[in-house]
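Please read the structure below before turning to the comments.
The values are calculated or read from the model by the stated rules, or taken from the named source; none is laboratory data. Worth saying up front: this structure is predicted, and the values here are computed from it rather than measured. Every residue, glycine among them, receives a Cβ derived from its backbone with ideal geometry; neighbour counts consider all protein chains shown.
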């Protein structure tokens with residue numbers, strides 16, 4: 001299973017979003033990315049934002065197999081994510097994070113392969129262009 005961060009992967013990355021901003025996002029921002037199943041979500045958002053997050057996920061029919069959204073200390077989302085990921089059994093195959101430092105820390109402290117979302121997109125674009133060039137040359 002792949003576990004995706006929400007902010008910076010499914011949504012634009014916003015540091016410490018307020019309740020008002022989360023509500024605005026839930027009412028108007030469309031997903032940047034739609035994961036395929038099976039997938040899970042993890043977020044450093046506080047537990048107080050859970051209903052807004054779930055509303056947004058339901059609105060866009062993003063239905064994860066599992067969601068980890070119980071952070072009670074917004075200033076320490078990295079610690080929360082590492083604690084959750086270290087408790088999982090079996091471990092996820094991959095974690096997709098929004099930023100380099102968070103991804104590196106998660107990988108170091110959990111042993112789970114962790115990549116940065118925009119690198120994933122960049123590599124997908126490169127692979128698609130490479131295959132398209134090969135197809136054009138063979139025609």
**OP:** For residue 115, indicate whether it is touching a helix residue (DSSP H, G or I) at 6+ places or on another chain (Cβ under 6 Å) and at pLDDT 90 or above.
**Re:** no
**OP:** Report, by residue number, each residue of segment 82-104 that is without any contact (Cβ under 8 Å) to a residue 40 or more places away in the chain and touching a helix residue (DSSP H, G or I) at 6+ places or on another chain (Cβ under 6 Å).
**Re:** 82, 86
Original post:
Has segment 32-53 got any residue that is at pLDDT below 80 and farther than 27 Å from residue 90 by Cα?
Top reply: no
**OP:** Considering only segment 59-87, state which residues are closer than 18 Å to residue 37 by Cα and more than 16 Å from the chain's Cα centre (by Cα).
**Re:** 59
